Each structure stands twice: as C-alpha cells, then as structure tokens.
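Quick notes on the structure that follows.
Each value in this text was obtained by applying a stated rule to the coordinates, not by laboratory testing. Since the structure is predicted, the reported quantities are computational estimates derived from the model, not experimental observations. All Cβ positions, glycine included, derive from the backbone under ideal geometry; neighbour counts span all protein chains shown.
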Amino acid sequence: MAFYLDDTQRKTLVRLSASWTWRTEWPTWALIVTIYGSWFGVAYHARSLGLPLTTALLALLSTWYMSLQHELLHGHPTRSRFFNGLLGFAPLAVWFPYGIYRDLHLRHHDDVHLTRPEHDPESYFVSAEVWQRAGTATRILLRFRNTFVGRLLAGPAFAIAATASDAVRKVGRGDWRDVPLWLAHGASVGALAWWLQTVCAIPAWLFVLGVGYTALSLSSIRSFQEHRAAEAVEHRTVLNETGTFWRLLFLNNNYHAVHHDLPHVPWFALRNVYETSRQQYVERSGGFLVSGYSEWVRRYAFASVAHPVYGDLSGSVQSNPRASGIFAGKSWVKFMIVVRRGELREADLPATAERQTAGQAL
C-alpha cells in the first residue's frame, strides 16, 4: 500500500505515471538488455579476460541483476507477474529461486512487522528464545554478522542456511508448493554451470562461490542497517545519500524509506521523488539518514550496529549523529533508556541530546 506525503505528491505521481517514460518503462527494458548482454558477454570472453577479472565482473553484474530482480517483483517493467518472473528466472546470482525471493520479499514489505524476526524474513535480529537456545559459537557469529565486515563475510551464509532450512521445514510439514521452484532452479543452475565450464572455461565451483557468494556479499552492503528497530514504523527504514556508482548498482534502493512508502514507483524515479521532498522524508524517517555506505564502514566495520536480539538495548542508546545536527532545536526524539537492570523507561529528549549517555540525559 502506498503512503503519500501529501495530496500534492500523490497528484504529481499520478501525472508522472501517465508519462511516456513511466508507461513504457524503457529505462528498465534498457537495463534488462544491458545486464543480460553484459553478463553473457563477459562469460563468453572469459578466456581472453582471465578468470580473476571475469569472476569480479560477473559478481558485480550478478549483484546488479539481483537489484533488477527486486524491481521485477515490484511490478516493473510489466504488470504481469508471470512475465516478470520469466525475466528474473535466470540463476545468474546462483543461490535463490526468483519465486522464493519474490514471496519472501513481499512479506518483508509488511511494514507494521518490519525488523521483527518472527514476521520479517529479512530481519537481522533473532528472538530472545532463539538467542537463549544458541550456543557460544552461534552467538559469536550472530554478533559478528551485525558488524559491517561480518555482514559481508557471514551474512550470505546465514541467508543461504535460513532459506534452505525454511524449505526443508515446509516439506517436513507436508507443504510441497515450493518444490517445483527449487527443482527448476536447481536444473537451471546446473545447465548454466555446465555451459560456463564447457564453453567459457569457468569452473562450476568458481561460478557458485566466486560469483554467487560474492554477489550476495556485495548486496549486503546495501542491506546493512537498511532497517532498524524503532517504535514508530516510519522510523525503521533508512535514507542513504550515497554516490552515483552505488545508486546505479542498487537501482536507487538506497532511498529505502521512499521505496517502502511508494513500492510502485520505478527505480529511475526514486531519486527525484526523494530530492523533491527531501526534508519531509528526513523528518518522516526520524532522522535515519546516512551519508553513504562509507559511513557504515567507518562506524561499524568491526563494531556491532545492534545487539542480535530484537528489542535488546544492551544499555546503550543508538543515535544518528548527522540527524542530530539537522534537527537540533526542532524536534524531540523518544528513546527507551535502561535505568537499571530489568527496567525500561521512556524519555523524550531534545535532538541535541541524542549523543549524550543515558545517565546524562536523565
């Protein structure tokens, strides 16, 4: 369901949707041709390019392809779910059937339950029950996953394991509906791996690990703290003002709060929608604003962005330093602050106090 900032924005988007660019979605069609042509072109010339460069280029193109799959499942460039599924069926990124990814991601768009591990399939939190059952090694890995480096290295493995275990549990419950998707995906991965190895001299293992796993890792750059746990639903999704390269690679999905409000808006229009109403979106997100992915690297390369347990504050208050400067003296931010063990207290703090310790703020 779309959320418009005001009636003016709604009317503007209705008018834009009638434009030739939006009706034909020619930028998305051009993107499809570019990604497929580049991917198979690079693979075919692997012998002359060499395996290291070929692997790097295919991983980058597979990451771009995953961004395209995200666009396809949201109804672009056609309104046909079946036809878009055909466009996104090829296993260029190896690991997940398009249909499985589509269904899980659309569940993720239930914003009321965003970040809640029992409802959001893309949450990087776990429930207190899961944490209690986890052994020491698993807890270390979960903490590591919530660092930037850990998300890139271990995040894909967690995603693969979670998706596979979910598929097995479904079959165990007698739910075989996804089995044809997995069988078709497995067959297509096998066929593509055979072609790459016999025609292009790219080993199957390199395709699966060097291309597929690396593509998932690169995609994890975008999704790192893409959402945070917050009381207000609209404060849970980030606005990331990154550079041109990353905007193109992720198809403007860095303006993620805009995408969640307006999932029907095509990728090529998201930046303009955001910049037209930037101040309103920053306010709506509760100041959840990031100045590019390098900011996450600087702050969270080896530091955990949040405790793995959903709702666990671990005695600290997370803040957004950049947002503090923007809204100083203009807004109030509500935090849950640990007063003493086992007790939580709400406090309304001025934005200038966001970076104070809990003790100072109280």
Study note, to complete from the structure: For the pair D166 and R139, the simple spin-label estimate (label points 7 Å beyond Cα toward Cβ) gives in nm 2.7 nm
Practice item. Using the charge dipole of the chain (Lys, Arg: +1 at Cβ; Asp, Glu: -1 at Cβ; taken about the Cα centre), state which of A164, C200, S294 has its Cα farthest towards the positive end. Key: C200
Check your understanding: How large is the dipole of segment 233-300 about the Cα centre if only Lys and Arg carry +1 and Asp and Glu carry -1, each at its Cβ, rounded to the nearest 20 debye?
Key -> 160 debye
Review point. What full-extension length gain, to one decimal in nm, is calculated for W176 and Y36 as 0.36 nm per residue of separation minus the Cα-Cα distance?
Key: 47.3 nm
Check your understanding: Once both labels are modelled 7 Å past Cα along the beta-carbon direction, what's the D7-W205 spacing in nm?
Key -> 6.5 nm
Revision key, fill the gap. Ordered by fewest other Cβ atoms within 10 Å, a rough proxy for footprinting exposure, S67, S62 read S67, S62
Review point. In what sequence do L209, L114, L152 fall when counting other Cβ within 10 Å, fewest first?
Key: L209, L152, L114
Practice item. Using the number of other C-beta atoms within 10 angstrom as an exposure proxy, rank K11, K170 with the fewest first. Key: K11, K170
Practice item. Using 0.36 nm per residue of separation minus the Cα-Cα distance, give me the extension gain between E231 and V130 in nm, one decimal. Key: 34.2 nm
Practice item. Work from the charge dipole of segment 233-300 (Cβ charges, +1 for Lys and Arg, -1 for Asp and Glu, about the Cα centre) and give the residue of F268, Q280, L248 farthest towards its positive end. Key: L248
Point to revise | Length-normalised contact order for the chain - Cα pairs under 8 Å, 6+ apart - percent | key: 19 percent
Practice item. Have a look at the DSSP beta bridges in the chain and tell me what percent are antiparallel, nearest 5. Key: 75 percent
Revision key, fill the gap. Among Y124, V258, T54, the residue whose Cα sits farthest towards the positive end of the charge dipole of the chain, when +1 is placed on the Cβ of each Lys and Arg and -1 on the Cβ of each Asp and Glu, is T54
Check your understanding: In whole angstrom, how far apart do the alpha carbon centroids of segment 194-268 and segment 32-46 sit?
Key -> 19 Å
**Study point:** Helix-derived mean residue ellipticity, 222 nm - over the chain, DSSP H n ≥ 4, -39500 (n - 2.57), to 500
**Key:** -16000 deg cm²/dmol
